[in-house]
Amino acid sequence: MCYAIPGKILEIKDNNITVDYFGEKRKARNEFFALSLGDYIYAQGGFVVQKVSEAEALSILETWKELFFKLQEIDEKLASKKPTDLYESANALRQKYHGNSCCIHGIIEFSNYCTSSCLYCGLRPDNKKLTRYRMSINEILAATDYAVNKLNFKALVFQSGEDAWYSEERLLEIVNKIREKSPCLITLSIGERPFATYEKLYDAGARSALLRFETSNPKIYSQVKPGHSLESRIDLIKRLRQKGYIIMSGFILGLPGQTKEDVLNDIKLTHSLGAEMFSFGPFIPHPETPLAAHPRPALESVLNTIAEARMSVPQARILVTTALETLDKDNALRLGLMAGANSLMINVTPEKYRRLYEIYPDRAGIDTPPEKRINSILQLLQSIGRAPTDLGA
Ligand code: 5AD
């Protein structure tokens, strides 16, 4: 089983290709590969990320053939009944705009050092109880190789605290070496770095950036991120988009002082920043932070926000975040996917570090080996008729 379906190239116009799989036509940009008509490729986020041999593509397509249409049918059936609530309306809209495709990204959390003292986050430097780790470049490359070449991920997020040990030079080395051996859509989630660094990383092959603005309310922002400016964070996100990065952005739900109106503004800002992927989740208190006593929001309010985001921006991809999964480890993923969401992430950080990336305690999914989690997620997706595929627009 794979987390994307290979497409056969029908047309090439400069850097733009059209592929077909099971009669569906999709477009993608090719910036990295020498391609000819009839070749098979994987695309993620609208970019060609891998070329595959015909033999491999045909064998994967064979395993998909029947399942593909069966899944579509299940999804259509679930989404086409007359909506009786906001979640069902949002789910119908999700189906209308995206069909049954569900984006699956792996995430590697490579360092829990952080220089930023965000009041909500367990990685803040004042948390002296946390054992800190930094993965070496070789460890990152080995984890990436495993995720791409053994687990079949086509899209990976590389996340860390704001950790200057990973200098521009080291980050470039990481991106260049990933491109050599483990082709995938590279998403950087490394916090606020000089735009010039992000530019070089794009030129080296990174194509996506995950950077939340956290809250659109400047007053709350300056309270929870002392010494940081919302304006400069937003400015960076805008410049990343101009450069060509796919933007994944969003906010935290349930920050102190946040109103319903703030959340609507958060959704609007995510949209106006041109985020292709909405990433927002509930605040979860960490005992070693100043917000230890601040409550987490209810599951329903997160599901409502997913549905509202779907209703106001139907074309968005909306992620079920780990924080949402943490609110109800057995059900939240399914509930989120049925309330308008269509993306998810699977943690592929090496086991010995997974527990230490403690932005908040007891995160969902970190005790389960990725292989096992992949299986249970694929089962869940099958039960609701979603195909783990992403072939761009
Ligand atoms: N609860 C929920 N989300 C959090 N983040 C950090 N700390 C918390 C918390 N306690 C989120 C922030 C950050 C992302 C990596 O994790 O939004 O951007």
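The values are calculated or read from the model by the stated rules, or taken from the named source; none is laboratory data. All values derive from a computational prediction rather than experimental measurement. Neighbour counts run over all protein chains shown; Cβ positions are idealised from the backbone, glycine included. Note: areas computed on protein heavy atoms with side chains; ligands, DNA, RNA excluded. Shrake-Rupley method; radii C 1.70, N 1.55, O 1.52, S 1.80 Å.
Residue pairs whose Cβ atoms lie under 6 Å apart, sitting 6 or more positions apart in sequence or on different chains, and linking a residue in the range 267-281 that is open to solvent by 10 Å² or more (accessible area, probe 1.4 Å) to a partner that is part of a helix (DSSP H, G or I) and more than 13 Å from the ligand (Cβ to nearest atom), are Gly274/Arg241.
Results for (1) over 20 Å from the mean Cα position of the chain (by Cα); (2) within 16 Å of the ligand (Cβ to nearest atom), shown as yes or no for each residue.
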| site | (1), (2) |
| --- | --- |
| Arg212 | no, yes |
| Tyr221 | yes, yes |
| Ser232 | yes, yes |
| Lys238 | no, no |
| Phe251 | no, yes |
| Ile267 | no, yes |
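Considering only strands (runs of 3 or more DSSP E) fully contained in the range 1-80, which possess at least 3 residues that are of a type in the set (D, E, K, R)?
Details: elements: 7-13, 16-21, 24-29, 40-44, 47-52.
Qualifying strands (runs of 3 or more DSSP E): 7-13, 24-29.
Every condition in (1) under 30 Å from Asp235 (Cβ atoms); (2) within 14 Å of the ligand (Cβ to nearest atom); (3) small (Gly, Ala, Ser) holds for Ala332 except the one numbered (1).
Residues of the range 97-116 that are open to solvent by 20 Å² or more (accessible area, probe 1.4 Å) and within 12 Å of the ligand (Cβ to nearest atom): Cys114 alone. In the set Leu333, Leu327, Leu356, only one residue is in contact with a Phe, Trp or Tyr (Cβ under 8 Å, 6 or more places away or on another chain) and assigned by TED's automatic domain parsing to the domain that holds Tyr133; that residue is Leu356.
From the list Leu273, Leu269, Leu236, the one residue that fits, being closer than 27 Å to Ile178 by Cα and at pLDDT 95 or above, is Leu236. Contact map, the range 81-109: first residue under 15 Å from Ser312 (Cα atoms), second residue open to solvent by 60 Å² or more (accessible area, probe 1.4 Å) and assigned to a loop (DSSP other than H, G, I, E, B), Cβ cut-off under 8 Å, separation 6 or more or different chains; pairs are Glu88/Lys81; Ser89/Pro83; Asn91/Pro83; Ala92/Pro83; Tyr97/Gln315. Only one of the numbered conditions (1) within 13 Å of the ligand (Cβ to nearest atom); (2) out of contact with any His (no Cβ under 9 Å at 6 or more places or on another chain); (3) touching a residue at least 12 places away in the same chain (Cβ under 8 Å) is violated by Pro285, and that is (2). Residues of the range 336-352 that are closer than 26 Å to Asn149 by Cβ, open to solvent by 10 Å² or more (accessible area, probe 1.4 Å) and part of a loop (DSSP other than H, G, I, E, B): Val348, Pro350. Somewhere in the range 255-263, is a residue of a type in the set (Ser, Thr, Tyr) and within 20 Å of Asn127 (Cβ to Cβ)? Within the range 255-263 (the criterion being of a type in the set (Ser, Thr, Tyr) and within 20 Å of Asn127 (Cβ to Cβ)), the answer is no, since none of the residues qualifies. If you filter the range 304-325 down to residues that are in a helix (DSSP H, G or I) and within 16 Å of the ligand (Cβ to nearest atom), you find that the one that is most open to solvent (accessible area, probe 1.4 Å) is Thr322.
Every condition in (1) surrounded by fewer than 17 Cβ atoms within 10 Å (Cβ to Cβ); (2) farther than 29 Å from Leu201 by Cβ holds for Gly254 except the one numbered (1). Scanning the range 121-150 for residues that are open to solvent by less than 10 Å² (accessible area, probe 1.4 Å), within 16 Å of the ligand (Cβ to nearest atom) and either without any contact (Cβ under 8 Å) to a residue 12 or more places away in the chain or in contact with a Gly (Cβ under 9 Å, 6 or more places away or on another chain) (or both) turns up just one, Leu123. Restricting to the range 223-269, and then to whatever is of a type outside the set (A, V, I, L, M, F, W, C) and touching a Lys or Arg at 6+ places or on another chain (Cβ under 9 Å), can you tell me which residue is farthest from Ala323 (Cα to Cα)? Once the filter is applied, the top-ranked residue is Gly244. Consider the range 353-380 and keep the residues that are farther than 16 Å from Ala147 by Cβ and surrounded by fewer than 19 Cβ atoms within 10 Å (Cβ to Cβ). The one that is nearest to the ligand (Cβ to nearest atom) is Pro361.
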